[in-house]
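Read the figures in this text as sums done on the coordinates, not as results from a lab. Please read these numbers as outputs of a predicted model, since none were measured by experiment. We place every Cβ from the backbone using ideal geometry, glycine too, and count neighbours over all the protein chains shown.
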Amino acid sequence: MISPALIKEPKSSFKLPDQTCQRLTLAQIELATNNFDDSLVIGCGGFGKVYKSVSKFGSGSEVAVKRLDSASSQGACEFEAEVEILSKLRHGNLVPLIGYCCEGKEMVLVYEFMTNGTLEDHLHKDGSELSWLQLLRICVGAARGLDYLHTGTSTQHGVIHRDVKSSNILLDSNFAAKVSDFGLAKVGKIDHTRTHVSTLVKGTFGYMDPCYFQSGKVTRKSDVYAFGVVLFEVLTGKQALDPTFDEDHLSLAVWAQDQIKTGRLNDIVSQRVMIQISKRCLKEFASLAMQCLHDQPKHRPTMAEVVVKLESILSREREKNVFSVDDGRFINKVRYFFTGKADLISAHSEGSTSNVDEQYIQISNNESLRTFTYAELISATNNCNDDEFSTNSHVTIYKGWVDELTYAPTEPGVGLPMYIRTRHIERSKLDLKSEEFNHPNLVKLLGYYLNKRELSCVYELTPSLDKLLFGERGTTSLSWVARLKIAVGAAKGLSFLHKKGYSAYIQFKTTCILVDTDYNARLRDFWAPSSYSFGMDARYSAPEWFRYQADVIFDGIIGGLNHSKYGFGVKSEIYSFGVVLLELLTGMKVFDRNRSEEKQNLVKWAIPLLTDDANLGMILDPQLQDNNHPPKGAFVFAELVSNCLQPSQDERPSMEKILQVLHQCYQEALRQYPKKQ
């Protein structure tokens, strides 16, 4: 490792404690990047190009390689600063530094690869599906990372980042925020006698604290200012320096503050946020952002105070019903049963706002269903420690473990994995009969917990298809036979639900399919929607969805339109199922910014190639090739996908036809690969 460098500041210098960090050779770096192959470039900044490495350097995680450009305005000082700071600091909301290379003129940093890119990408590029709750979680995570830097945990020295911005907030596979890029960071002792560091002014316009720009004295409150700009980016969807601003408003900070001061807060909120945020939390979030941008640094909050406020807003937003229930729009009891509404913790601590009559909820005597207590759910989920958003709405679900026979709570990793979704029961009756949904291709209901109007349902949990299909190459590869078996199972589950007389999903995708060890598919989170959310992933959506969305934007009323005229139903669901089949065929995600531009949108790129046998090899997952030949039935499968993705609903096949074709492909694959049954 390079020797720890002195961080020189006026009248002060100190040396960070030595901390081992993996030193890599240039030969290793060149091998991992195919000699810095441009096809592996995933980003480019002031430091230089960033490559996605084909090696892991023993870290166990995918890594990103950042190479200093010889023409870069940043140089050896920034390189050393980043190595020294990140090799010492460790926090769940800081991007992990795996290693570095300093050989000849080459200076390279190796980080853990962040699967979901930057916050900037999701705020300012088309196709993001982040909900308001996810954005809040990201803000909380980034604030925690900055608070850790400022308070000097484990180093006794505080770190001023100096370049806080949305492009330096990275998102891992779970969309957890990680603060990155410490090349401009300054380190100093934490005390009350020295509150600033005098330095050359560096940073990014639009995020730069005016006080720092004018005085050259950077403080922790300079980071707070920049974070306030990020908060307004999240709220408005606009860039820090947005080309839509007029000449009187050169930056988002100036524009947003002026709009709020003149009483136009609602006018600046992005459509995506506006339809999900509550009025109270909107005011509190905007007020916090304004405080961060105060022209007097001493009046700005600390990052610790920002964390507390954001956590309070997040907690309040999670407690409210993100999707309100309108009884008149739900035709039958099934829709109540499968619509999640409330957080498990709030359901217990606050209870319902009113008592419920026994006539509202009727639970059939079914010995296969276990009646859980609240204490058992808390125990089974390890105090609700493992949570995520459900696949078909932004409702929180909790994961845990129960005994395989009795369904009694067990320790993490022991017994049968399960998950819990909690819903609020409104005025109509709910008859909970698990036998009505007892199908081998639907997720199994294990039991329930009832607290007044809050119903928590416990389901068996197996890995989801997206984890199996898009996991690490070579370790989670799915054979052609396995993919067909999953497709057949998913189609059977959808067919069963359709025979009940309704479409099951707002949007069907790979995350809706759970897969057991024998590749049996089980559908989860199926429910008939009363309205359609702007949180949907447009790339899974049928063309009729876009007509609806355009009318909603024009009318400005969510849920106030007649859905029937747009034809939402089974045929729209078949389109989404076609997208899932396309992902199974190609092994590619429906959208991936790391692919070349023409291939980023999988549906748009693949549709012209599906019906041409000669072009099948271009879109087929290479792992399915057998001596450069596609497996039997692959072209028939591709034709089926093409039919499902027809723009006209009338041209899309029925689920019965889909099942027939998939079953034929599956039987043919079994004959071709008998050992993979």
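Can you pull the one-decimal nm distance between simple spin-label points at E404 and E106, each 7 Å off the Cα toward Cβ?
With each label point 7 Å from Cα toward Cβ, the separation is 5.0 nm.
Kindly state, to the nearest 0.05, the FRET efficiency for N385 paired with A614, given R0 = 35 Å and r defined as their beta-carbon distance. All intermediate terms of the calculation are to be shown ahead of the outcome.
On the way: r = 52 Å, r/R0 = 1.49.
My answer for the efficiency is 0.10.
Sort M588, M618 by Cβ crowding within 10 Å, fewest neighbours at the top.
Ordered from fewest to most neighbouring Cβ atoms within 10 Å, M588, M618 come out as M618, M588.
Taking amide H atoms as placed 1.01 Å from N in the peptide plane, list the residues 5 or more away in sequence, or in a different chain, whose amide H sits under 5 Å from that of A521.
For A521, the qualifying residues are G489, A490.
Quick check: pseudo-label points 7 Å beyond the Cα along Cα→Cβ at K500 and Q22, how many nm apart are they?
Placing both labels 7 Å along Cα→Cβ, they lie 4.7 nm apart.
If amide H atoms are built 1.01 Å from N in the plane of the peptide, which residues on other chains or at least 5 residues away come under 5 Å of the amide H of M107?
Amide H neighbours of M107, under 5 Å, 5+ apart: L68.
Taking amide hydrogens as modeled 1.01 Å from N in the peptide plane, which residues meet the under 5 Å criterion relative to L446, leaving out close sequence neighbours?
Placed amide hydrogens put V458, Y459, E460 under 5 Å from L446.
Counting Lys and Arg as +1 and Asp and Glu as -1, each charge on the Cβ, what is the dipole of segment 581-665 about the Cα centre in debye, to the nearest 20?
So the magnitude is around 200 debye.
Quick one: what are the phi-derived ³J(HN,Hα) couplings along segment 616-622, Karplus 6.51/-1.76/1.60 with θ = phi - 60°, whole Hz, x for glycine and proline?
Result, ordered by residue: 4, x, 6, 10, 5, 4, x Hz.
Report relative contact order for segment 119-319 in percent, whole number only (criteria: Cα-Cα under 8 Å, sequence separation at least 6).
The value is 24 percent.
Arranged by the count of other C-beta atoms within 10 angstrom, fewest first, what order do F57, F175 take?
Placing the least packed residue first, the sequence is F57, F175.
Go through segment 259-269 residue by residue and turn each phi into a ³J(HN,Hα) via Karplus (6.51, -1.76, 1.60, θ = phi - 60°); whole Hz please, and just put x for glycine and proline.
5, 5, 5, 9, x, 10, 4, 4, 6, 9, 7
Could you please rank T219, T236, placing first whichever residue has the fewest other Cβ atoms within 10 Å of its Cβ?
T236, T219
Using 27 Å as the Cα-Cα cut-off, could you pick out the over-long pairs in K56/K485; K599/K657; K52/K165?
Long pairs (Cα-Cα over 27 Å): K56/K485; K599/K657.
Out of the chymotrypsin sites (Phe, Trp or Tyr not before Pro) in segment 214-287, which ones are loop residues according to DSSP with at most 15 other C-beta atoms within 10 Å?
F245
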